[in-house]
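*Asks:* Okay, handing you the structure first.
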Amino acid sequence: SIMRNRKTTDSPHSSTDLSEGKEKLRLKQEVGLISGVSLIAGTMIGSGIFMSPEWVLHHMGSPAGSLLIWAACGLLAMFGALSYAELGTIIKESGGEYIYILRIFGSFPAFLFAYTSVILVRPAGLAAVCLSFAEYAVAPFYPGCSSPQIVIKCTAAACILLLTVINCLNVRLVMSIMNIFTAAKLLALLVIVVGGLILLAKGETQSFENAFQNKTAGIGAVGVAFYQGLWSYDGWNNLNYITEELKKPEVTLPRAVMIAIPLVTCLYLLVNVSYLAAMTPSELLSSGAVAVTWGDKVLGSWAWLISLSAVLSTFGSLNGTFFSGGRLCYIAAREGHMPDILSMAHVQRLTPSPALLFTSAMSLIMIISGNFTSIVNFFSFVAWIFYGMTISGLLYLKIKKPELPRSYKVPIIIPIIVLMAAVYLVLAPIIEQPQLEILYIVLFIFSGIILYFPLVRFKCHPCFLQRVTLHLQLFLEVAPTTRDAN
């Protein structure tokens, strides 16, 4: 059948083995601690830190308030990642929230998550970051005027196609690019941090005088400020999507989280301090691209380095997001919630190329369909619904099934705090400023019911899809995969 539940098979950690006369394919375990840290940090540090600070300040109203939001977002990301690390040591399977919801709550809610993420959330998020990458990349060719939309969209589409080729070729190539770009973006942020420290040493502290003046107290405004800040921290859960590809996941997963997220949080805080040292709050709010304005003020003729850094940073983040997004599609298909062709891997390269191609196609459609000025808020709204569900699953396991083997345990207060934050982030914008778009998103999530019952529950599949699957297998040179028993 085109969609089916796959049986777990016991096997060693090699990429292939011979069992019952058949050759079994699985993805290789090639991601170690350094690559794991790079994947988390490299995905988190994208376009957000170059663009979001003005929006956090806009919603909070005061420099001190915005810095508190950045610190709180980092703490929340850390708590969420530590909670996920425990889940990853209990359920040692790739797929992130999807696989945890599936194993704890069952097939239906897991399908709704996969359907929403694969069709809407992941492609829209990729498209939004691609468009910001394209804006930075083409801006130098159109000095003094705005870049044509057709050029921006074509550049964004070319970026998606390049990422597709890279991810389909080799996992080691993806990780090498991730490591290189992460090092480059860390260097760029260090330049901004050092520049800010020099300005502070010279006495540029006017932004920090009466730092709490004009602060916002509205519950909705704080919630939206959190959304904008958390957009810059998005990617804290990326390593959970590739658990089966980690070397010693029970050790690598918690360690990578404990290194990457505090590092990124400290850098983000210092970068924001640097922005405020170089600009007054009003100048920061009027800036179209905060990092570029900072470069013009501090670096002078070397300001182009910041634009280049933004391009490199965004591309590196896209690489990590695309890598994990393809895995979600692949795992959902392997569990019978997506067409079976998406659960297959290339017989030589051992990459889930059909899932990556599908993710690419959906992202291209999103790029063509329009711009994504409000995507951050809606992306975060959907994400925190499922984050909350996943964390509640961890609390269920901690209370009801404490006997399950796990190599790492997080104190129960941490997932409780994350769950409370998730409830707040979902409800606050609805209570304070309800928008019709949120209703559309909720309706889209539940529209998955129309597909779930005929295609997944009752397995009513058109006969011609079998032939299509076989032809695609031959054309793409892919075969079904298996996984280790957990």
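*Asks:* Explain nothing, just the number: relative contact order of region 33-479, from Cα pairs under 8 Å at least 6 residues apart, as a whole percent.
*Replies:* Working: 673 pairs, mean separation 150.7, N = 447.
Relative contact order comes out at 34 percent.
*Asks:* Just to check I understand the Karplus step: with θ = phi - 60° and J = 6.51 cos²θ - 1.76 cosθ + 1.60, what whole-Hz values come out for region 265-277, glycine and proline as x?
*Replies:* Those phi angles translate into 4, 4, 4, 4, 5, 5, 5, 5, 4, 5, 4, 6, 6 Hz.
*Asks:* How big is D, in µm² s⁻¹, for region 280-397 by Stokes-Einstein at 25 °C and 0.890 mPa s if Rh is the Kirkwood radius over C-alpha pairs?
*Replies:* In µm²/s, the coefficient is 136.
*Asks:* How much accessible surface does LEU126 have with a 1.4 Å probe, in Å² rounded to 10?
*Replies:* Roll a 1.4 Å probe over it and LEU126 shows about 0 Å².
*Asks:* Return the Rg/Rh value of region 327-486, two decimal places, where both radii are evaluated on C-alpha atoms and Rh is the Kirkwood radius. If you can, show how the numbers build up before the last one.
*Replies:* Numbers: Rg = 19.7 Å, Rh = 19.2 Å.
So for region 327-486, dividing Rg by the Kirkwood Rh gives 1.03.
*Asks:* So with the 1.4 Å probe, I'd like the accessible area per residue for region 345-468, rounded to whole Å². Walk me through the numbers on the way to the answer.
*Replies:* Working: 6790 Å² over 124 residues.
Roughly 55 Å² per residue, with all protein chains present.
*Asks:* Considering all projection directions equally, how large on average is the shadow of the alpha-carbon convex hull of the chain, in square nanometres? Could the numbers behind the result be given before it?
*Replies:* Numbers: hull surface 92.2 nm².
Result: 23.0 nm².
*Asks:* What Kirkwood hydrodynamic radius do you get for region 62-155 when you take the inverse of the mean 1/r over all pairs of distinct Cα atoms, in Å?
*Replies:* On the way: mean 1/r = 0.0590 Å⁻¹.
Computed over region 62-155, the radius equals 17.0 Å.
*Asks:* Using heavy-atom solvent-accessible surface (probe 1.4 Å) with all chains present, what is the largest-first order of TYR98, TYR440?
*Replies:* Working: TYR98 0, TYR440 130 Å².
Sorted descending by solvent-accessible area, the residues read TYR440, TYR98.
*Asks:* How would ASP296, ASP340, ASP234 rank on accessible area, largest to smallest, probe 1.4 Å? Could the numbers behind the result be given before it?
*Replies:* Values: ASP296 95, ASP340 5, ASP234 40 Å².
Highest to lowest solvent-accessible surface, that is ASP296, ASP234, ASP340.
*Asks:* In region 154-203, if every C-alpha pair distance is counted and binned at 5 Å from zero, what percent goes to each bin?
*Replies:* Over region 154-203, the share of Cα pairs per 5 Å bin runs 4, 18, 14, 15, 15, 10, 9, 7, 6, 2, 0 percent.
*Asks:* Against the longest principal axis of the chain, how steep is helix 436-446, in degrees 0 to 90 to the nearest 10, with axes from Cα atoms?
*Replies:* Tilt of helix 436-446: around 20 degrees.
*Asks:* Here's another thing I want to ask about it. Just how far, in whole angstrom, is region 308-368 from region 166-191 if you go by their alpha carbon centroids?
*Replies:* When both Cα centres are located, 17 Å separates them.
*Asks:* Carbon-plus-sulfur fraction of the accessible area of region 33-479, 1.4 Å probe, in percent? Write out the running numbers ahead of the final one.
*Replies:* Values: 12400 of 17760 Å².
With neighbouring chains kept in place, the figure for region 33-479 is 70 percent.
*Asks:* Same structure again: Please report the net charge: other residues with Cβ closer than 14 Å to the Cβ of SER363, K and R +1, D and E -1. Please report the intermediate quantities before stating the final value.
*Replies:* Working: positive: ARG122, LYS153; negative: none.
Computed value for this residue: +2.
*Asks:* Same structure, new question: Apply the Karplus parameterisation 6.51 cos²θ - 1.76 cosθ + 1.60, with θ equal to phi minus 60°, to every residue of region 186-196 and state each ³J(HN,Hα) to the nearest whole Hz, in sequence, with x for glycine and proline.
*Replies:* Karplus values, whole Hz, x for Gly and Pro: 5, 5, 5, 5, 5, 4, 5, 4, 4, x, x.
*Asks:* List the GluC sites (Glu not before Pro) in region 132-209 that DSSP assigns to loop (not H, G, I, E or B) and whose Cβ has at most 13 other Cβ atoms within 10 Å. Which are they?
*Replies:* Numbers: sites: GLU135, GLU204, GLU209; in loops: GLU204, GLU209.
When the GluC sites (Glu not before Pro) of region 132-209 are filtered for loop state and at most 13 Cβ neighbours within 10 Å, GLU209 remain.
*Asks:* Let me ask something else about it. Report, in whole Å, the centroid distance computed from the Cα atoms of region 419-476 and region 50-123.
*Replies:* Taking the Cα centre of each part, region 419-476 and region 50-123 sit 18 Å apart.
*Asks:* Something else about it: Just from its helices, what would the mean residue ellipticity at 222 nm be for the chain, if runs of 4 or more DSSP H residues each count -39500 (n - 2.57) and the sum is divided by every residue, rounded to the nearest 500 deg cm²/dmol?
*Replies:* Working: 20 runs with 321 residues, N = 486.
Here the helix-only value at 222 nm equals -22000 deg cm²/dmol.
*Asks:* Compute, for THR155, the solvent-accessible surface of its heavy atoms (probe 1.4 Å) with the complete set of protein chains present, and express it in square angstrom to the nearest 10.
*Replies:* Near enough 40 Å² of accessible area.
*Asks:* Using a 10 angstrom Cβ neighbour count of at most 11 plus a DSSP loop assignment to flag exposed trypsin sites (Lys or Arg not before Pro), which longest range of the chain is free of such sites? Write out the running numbers ahead of the final one.
*Replies:* Details: sites that count: LYS7, LYS202.
Here the longest segment lacking exposed loop sites spans 203-486.
*Asks:* Please list the non-local residues whose amide H lies under 5 Å from the amide H of ALA345, H modeled 1.01 Å from N, same-chain partners needing a gap of 5 or more.
*Replies:* Long-range HN contacts for ALA345: ALA479, THR481.
*Asks:* In Å³ and rounded to a whole number, note down the convex hull volume per residue for the Cα atoms of region 113-238. Before the final figure, lay out each step's value.
*Replies:* Values: hull volume 25.5 nm³, N = 126.
Enclosed volume per residue, from the Cα hull, is 203 Å³.
*Asks:* Further, regarding this structure: Kindly flag which residue pairs out of LYS247/LYS398; LYS153/LYS185; LYS92/LYS401; LYS92/LYS398; LYS247/LYS401; LYS28/LYS248 have an alpha-carbon separation exceeding 18 Å in this structure. Show your work: numbers first, answer last.
*Replies:* On the way: LYS247/LYS398 25 Å; LYS153/LYS185 24 Å; LYS92/LYS401 16 Å; LYS92/LYS398 16 Å; LYS247/LYS401 26 Å; LYS28/LYS248 12 Å.
The pairs that break the limit, which is 18 Å between Cα atoms, are LYS247/LYS398; LYS153/LYS185; LYS247/LYS401.
The values are calculated or read from the model by the stated rules, or taken from the named source; none is laboratory data. These numbers were taken from a predicted model, which means no experiment stands behind them. With ideal geometry, Cβ positions are generated from the backbone for all residues, glycine too; neighbour counts draw on all protein chains shown. Protein only, heavy atoms only, side chains kept; ligands, DNA and RNA dropped before computing areas. Shrake-Rupley method; radii C 1.70, N 1.55, O 1.52, S 1.80 Å.
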